[in-house]
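Here is the structure we will look at, set down as structure tokens.
The values are calculated or read from the model by the stated rules, or taken from the named source; none is laboratory data. Only a predicted model underlies this, so the values are computations on that prediction, with no experimental measurement involved. All Cβ positions, even for glycine, are placed from backbone atoms using ideal geometry, and neighbour counts span all protein chains on display.
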Amino acid sequence: MGFAVERHPVPEDFVRAYGMESVTNLIVRQRFGSGGPTVALNAHGDVVPPGEGWTKPPYGAVIEDGRMYGRGVAVSKSDIATYTYALAALRAHAASNALDGVVELHFTYDEEFGGLAGPGWLLEHKLTQPDFAIAASFSYAVVTAHNGCLQLEVTVHGKSGHGAMPETGRDAFRAGTAILTAIYAEADALEAKKSNVPGIDHPTMIVGLINGGINTNVVPDRLTLRLDRRMIPEENPAEVETRVRSLIERAVAGHEGIRVEIRRLLLANALTPLPGHEWLVGAIQKHALRVFGEDIPAVGVPLYADARLYGEHGVPIVMYGAGPRTIAEANAKRPDENLLLEDLRRATHVVASTVYDLLRR
């Protein structure tokens, strides 16, 4: 398409510390006129593994009845296309329209691991300093806020022993069961803590991974679990982490010979609106009404995303792109993830029109 693409590899030691092999982020910069704001359009190209249960090839990009199927077609490879073609449309019309500003495409590859090697790296090292940003999302709402996320790895150390004489060991699973009971009791209590942000209900907490044990006939000397605690925008992340750590430590306090290690894997802040975001919201809503024929709301979402990293660097940002009304409709992170191609076409129109207005202000 004729765009000059900058490649920004992230140092290997930084990447490996997050459990990845390599990350190279891409930036396209297109100048229009002189002066004006810099607008970043961010989508991520990394995806989760396909898993089982697909009826279409997960990497086949099969199109059937106006839908494309494949891992990442909705989250968020679709918006790599949305933003690329929106920029192409702006460039095609620039000769006959007075536009002033810079449009940057930020295609990053670390969203599934937290974004610190993606937009976080680009922003921290001042490889980009946008005035506004739009990040990948769906077509029937403009997202202005999202939850934060705390992920911890908890390792319970006990002592192995013969299964016929369990008193000779210190059962890490028994202590781990106390931790699980405490975590899920807290998770139930969190349902009463409501957010004031439309689209966000209450905090959540789950245990997503458990490993441990030696053999069926051996008292387990080790158990490792990983928990995910989603934080509503009104919560203080430091206070949440302190509370969860205390919860875990109290749960095993009465278990003799048990030692617990707690390691933070991720602390992602919530996205909250910054001054200037309201202009983006209004423009997207105006053009979505024209293109989709319906009003779209401004909402929050319970997930966390790379958008927060722009907000942390003082960049007003909203999330908008190609996709259905809900994550469930897209089968995101499930078999047969799909995208209605008409939503892709129309979302591209909305984004291009929004940026066009911004560069003509």
State all residues of region 25-58 that are surrounded by 14 or more Cβ atoms within 10 Å (Cβ to Cβ) and of a type in the set (Ser, Thr, Tyr); if no residue qualifies, say none.
-> 38
Taking region 268-295 on its own, how many of its residues are surrounded by fewer than 16 Cβ atoms within 10 Å (Cβ to Cβ) and more than 23 Å from residue 38 (Cβ to Cβ)?
-> 5
Considering only region 291-317, how many residues are on the phi < 0 side of the Ramachandran plot and part of a loop (DSSP other than H, G, I, E, B)?
-> 12
Is one or more of the residues making up region 320-333 crowded, with 24+ Cβ neighbours inside 10 Å, aromatic (Phe, Trp, Tyr) and either assigned by TED's automatic domain parsing to the domain that holds residue 38 or farther than 30 Å from residue 58 by Cβ (or both)?
-> yes
When the residues of region 65-123 are filtered to those that are among the basic types (Lys, Arg) and surrounded by 22 or more Cβ atoms within 10 Å (Cβ to Cβ), which remaining residue is nearest to residue 31 (Cα to Cα)?
-> 77
Between residues in region 209-233 that are without any contact (Cβ under 8 Å) to a residue 60 or more places away in the chain and over 29 Å from residue 194 (Cα atoms) and residues that are of a type in the set (Asp, Glu) and in a strand (DSSP E or B), which pairs lie under 9 Å by C-beta distance while being six or more apart or on different chains?
-> none
Being assigned to a helix (DSSP H, G or I), in contact with a strand residue (DSSP E or B) (Cβ under 8 Å, 6 or more places away or on another chain), more than 20 Å from residue 327 (Cα to Cα) and modelled with pLDDT of 95 or more, is that true of even one residue in region 108-120?
-> yes
Among residues belonging to region 296-316 that are over 16 Å from residue 122 (Cα atoms) and within 14 Å of the chain's Cα centre (by Cα), point out the one that is surrounded by the fewest Cβ atoms within 10 Å (Cβ to Cβ).
-> 303
Close pairs (9 angstrom Cβ cut-off, 6 or more residues apart or separate chains): within 14 Å of residue 146 (Cβ to Cβ) in region 185-202, exposed (fewer than 12 other Cβ atoms within 10 Å of the Cβ) anywhere = 201/191
